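Please read the structure below before turning to the comments.
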Amino acid sequence: MSDKARKYKINDCLLRLPVPQYREAVKIIPKILGVSLNTFHNYRNILFDDKQDIPYEKVIMFEKLFEMRTGELINKEVQCKPLKVLMGKELLTSRFTKRN
């Protein structure tokens with residue numbers, strides 16, 4: 001299975017490390033995150049279409065550990081219109097439907 005099918009870039013970051021550092025990272029990261037080794041491996045293997053997600057605080061920790069900017073850990077761009085825009089559309093729709 002390729003890392004492109006995964007939701008997060010955890011494996012990409014780990015596989016860039018030399019083997020001794022990789023082994024050490026796999027031991028230390030779960031301790032830093034406060035999760036079991038099994039949970040850590042589950043995080044690494046979450047696929048794009050999985051409903052499962054990593055808790056936000058853990059994502060932030062991963063990004064700091066891998067020296068990434070906020071939002072860089074995820075393998076896809078999350079798109080959403082601003083709330084003001086969405087509320088404006090909803091407001092217009094509700095006003096239009098009330099008049100008819």
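The values are calculated or read from the model by the stated rules, or taken from the named source; none is laboratory data. Remember, predicted model here, so these are calculated numbers, not experimental data. Cβ atoms come from the backbone with ideal geometry, glycine included; neighbour counts cover every protein chain shown. Each accessible area value is taken on the protein alone, full model and side chains, heavy atoms only, with ligands, DNA and RNA left out. Shrake-Rupley method; radii C 1.70, N 1.55, O 1.52, S 1.80 Å.
Take the solvent-accessible surface of the protein heavy atoms, probe 1.4 Å, and return the percent of it on the range 7-96 that carbon and sulfur atoms account for. Write out the running numbers ahead of the final one.
Working: 3800 of 6620 Å².
About 57 percent, which is the carbon plus sulfur part of the accessible surface.
If you stretched the chain out fully between Glu24 and His41, how much longer would it get, using 0.36 nm times the residue separation minus the C-alpha to C-alpha distance? Each step should come with its number before you reach the end.
Working: separation 17, 0.36 × 17 = 6.12 nm, distance 1.45 nm.
Length gained between Glu24 and His41: 4.7 nm.
Ile32 to Gln52: FRET efficiency via 1/(1 + (r/R0)^6), r the Cβ-Cβ distance, R0 25 Å, to the nearest 0.05?
Values: r = 21 Å, r/R0 = 0.83.
About 0.75, to the nearest 0.05.
Decide, for the range 7-96, between rounded, prolate and oblate: order the square roots of the alpha carbon gyration tensor eigenvalues as a ≥ b ≥ c, take rounded if a/c falls under 1.5, and otherwise choose prolate if a/b is larger than b/c, else oblate. Each step should come with its number before you reach the end.
On the way: a/c = 3.12, a/b = 2.79, b/c = 1.12.
Here the range 7-96 falls in the prolate category.
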What ³J(HN,Hα) values, in whole Hz, does the Karplus curve 6.51 cos²θ - 1.76 cosθ + 1.60 give for the range 51-64 when θ = phi - 60°, with x put for Gly and Pro?
7, 5, 9, 8, x, 3, 4, 5, 4, 4, 5, 4, 4, 5
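In Å², what does the accessible area per residue of the range 7-96 work out to with a 1.4 Å probe? Before the final figure, lay out the partial values.
Details: 6620 Å² over 90 residues.
On a per-residue basis, 74 Å².
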